Amino acid sequence: FKKIIFEDFLPKLNFNEFQRIAIGTVGIQKIETFKEGLENLKFYLPYIQIDIENSKDFLFQINKPKNIDVLNRNININQITKWSVMEYKYLVVNNNLIQNLLGNQFGFRLETDINTAQDENTNKSKEFVKSIIEKEIQTSIDYFDKGDTNVNTNYA
């Protein structure tokens, strides 16, 4: 992933043509039951109370803006995360007959959108942009590894 960004994509950028810098990721972990997905939330979102026995749908989105140090400069970033537990089906429709090919499948999903704030007047040097992207990638990885309340955005 970093090779694609830093070796393939970044060298082709015109640094005067953008306003914000963002990294977006989506990860899905296969789980056996919807209830298992809600149980996973105890680690990832420990501050959320969920009635596991009586809940059917779950989607939670939050933005936790932070200041980070980038090359000795304070930068405002948005840390948007979307957490969900989902049920999905692989369906085939043939002559008005619907077939569920694999039965019900379940997934625990995390989407991250880590980006420089809209009002941030970003330095557009290649070194500065690379440093911001590295910190945004690490922030996304930390959300996947540690959950919401354990993410450290002070990558000085």
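Odds and ends about this structure:
- Highest-first packing order for the peptide set 43-56, 128-141, 68-81 is 128-141, 68-81, 43-56, based on the mean count of other beta carbon atoms within 10 Å.
- Stokes-Einstein D (µm²/s) once Rh is taken as the Kirkwood radius of segment 23-146 over alpha-carbon pairs, at 20 °C in 1.002 mPa s: 127 µm²/s
- Stretch gain in nm, segment Glu39-Asp51, where the contour uses 0.36 nm per residue and the Cα spacing is subtracted: 3.3 nm
Any read-out appearing in this document is the output of simple, stated calculations on the displayed coordinates, not a laboratory observation. Fair warning: this is a prediction, and the values are worked out from it, not measured in the lab. Ideal geometry is used to build each Cβ from the backbone, glycine not excepted, and the neighbour counts take in all protein chains shown.
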